[in-house]
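I have placed the structure first, in the form of structure tokens, so that the comments after it can refer back to it.
The values are calculated or read from the model by the stated rules, or taken from the named source; none is laboratory data. Given the structure is predicted, the values throughout are model-derived calculations rather than measurements. Cβ: placed from backbone, ideal geometry, glycine included. Neighbour counts: every protein chain shown.
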């Protein structure tokens, strides 16, 4: 699994202009099952995405296709981790991850 930290590198007015395309990009990757959760950072300096396990090269390609990346509006810090414990509400998720690792 990965935690991806996006940090905006452009003014929010530029980020907001591309936000609808970014939202479509997110939806595509939720529909494919690659993304588990995503949202804004508080304060609004960027975002966070948590992904399912995948090849790092694939993740890099996915991130490179983000409109925020294409328009040089954000940088991406990628943190890989292996989930070994989850809250009871996420147990099914953890079991699904264990089968894909």
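Would you point out which residue out of 72, 99 is at positive phi and either out of contact with any helix residue (DSSP H, G or I) (no Cβ under 7 Å at 6 or more places or on another chain) or modelled with pLDDT of 95 or more (or both)? Please lay out each step first, then the result.
Details: 99 fails: at positive phi.
Being at positive phi and either out of contact with any helix residue (DSSP H, G or I) (no Cβ under 7 Å at 6 or more places or on another chain) or modelled with pLDDT of 95 or more (or both) holds for just one of 72, 99, which is 72.
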Which listed residue is in a helix (DSSP H, G or I), under 9 Å from the mean Cα position of the chain (by Cα) and more than 14 Å from residue 76 (Cα to Cα), from 26, 36, 19: 26
Enumeration of residues in region 14-34 that are surrounded by 16 or more Cβ atoms within 10 Å (Cβ to Cβ) and either farther than 11 Å from residue 66 by Cβ or free of Cβ contacts under 8 Å to residues at least 12 places away in the same chain (or both): 15, 34
Hits in region 39-71 - residues which are free of Cβ contacts under 8 Å to residues at least 24 places away in the same chain, closer than 15 Å to residue 2 by Cβ and part of a helix (DSSP H, G or I): 57, 58, 60, 61, 64
Failed criterion for residue 10 (all others in (1) farther than 26 Å from residue 90 by Cα; (2) outside any loop (DSSP other than H, G, I, E, B); (3) touching a residue at least 60 places away in the same chain (Cβ under 8 Å) hold): (2)
